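Let me begin by presenting the structure, written as structure tokens, before commenting on it.
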Amino acid sequence: MAVQRTYYKDKYNSNKVWEVVKLSGGYYLRQYVCGEQFGKGLRTTKKFIQSLGILDFERVKRIKESEE
């Protein structure tokens, strides 16, 4: 099974990117600031990610794009 990774650029902080990884039993959420991972990440649900508003942010292809 392939893991699906999607990156979202934070609309409040241009240096921050959120990585949402779809797993078979839920989602994994990671935060990157200036291209470096911040913290360990969080195993969570899609409902929680939607409540944070992350899925409404602009999608980016890679983490490096947000640093330009």
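Here are some notes:
- Counting only strands (runs of 3 or more DSSP E) wholly contained in the range 6-49, the ones carrying 2 or more residues that are at positive phi occupy 36-44.
- Only residues that are modelled with pLDDT under 95, open to solvent by 80 Å² or more (accessible area, probe 1.4 Å) and over 12 Å from the mean Cα position of the chain (by Cα) were counted across the range 48-68, and they come to 3.
- Residue pairs meeting the criteria (Cβ under 6 Å; at least 6 apart or on separate chains; first over 16 Å from TYR28 (Cα atoms), in the range 45-64; second in a loop (DSSP other than H, G, I, E, B) and open to solvent by 80 Å² or more (accessible area, probe 1.4 Å)): PHE57/LYS11
For (1) exposed (fewer than 12 other Cβ atoms within 10 Å of the Cβ); (2) more than 8 Å from the chain's Cα centre (by Cα); (3) charged (D, E, K, R); (4) at pLDDT 95 or above, each residue gets a yes or a no:
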{"position": "VAL3", "(1), (2), (3), (4)": "yes, yes, no, no"}
{"position": "TYR27", "(1), (2), (3), (4)": "no, yes, no, yes"}
{"position": "ARG30", "(1), (2), (3), (4)": "no, no, yes, yes"}
{"position": "GLN37", "(1), (2), (3), (4)": "no, yes, no, no"}
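The values are calculated or read from the model by the stated rules, or taken from the named source; none is laboratory data. In this text the structure is predicted, and so the values were computed from the model without any measurement. Please note: Cβ atoms are built from the backbone with ideal geometry, for glycine as well, and neighbour counts cover all protein chains shown. The protein model used for the area step is the full one, side chains on, heavy atoms only, and it has no ligands, DNA or RNA in it. Shrake-Rupley method; radii C 1.70, N 1.55, O 1.52, S 1.80 Å.
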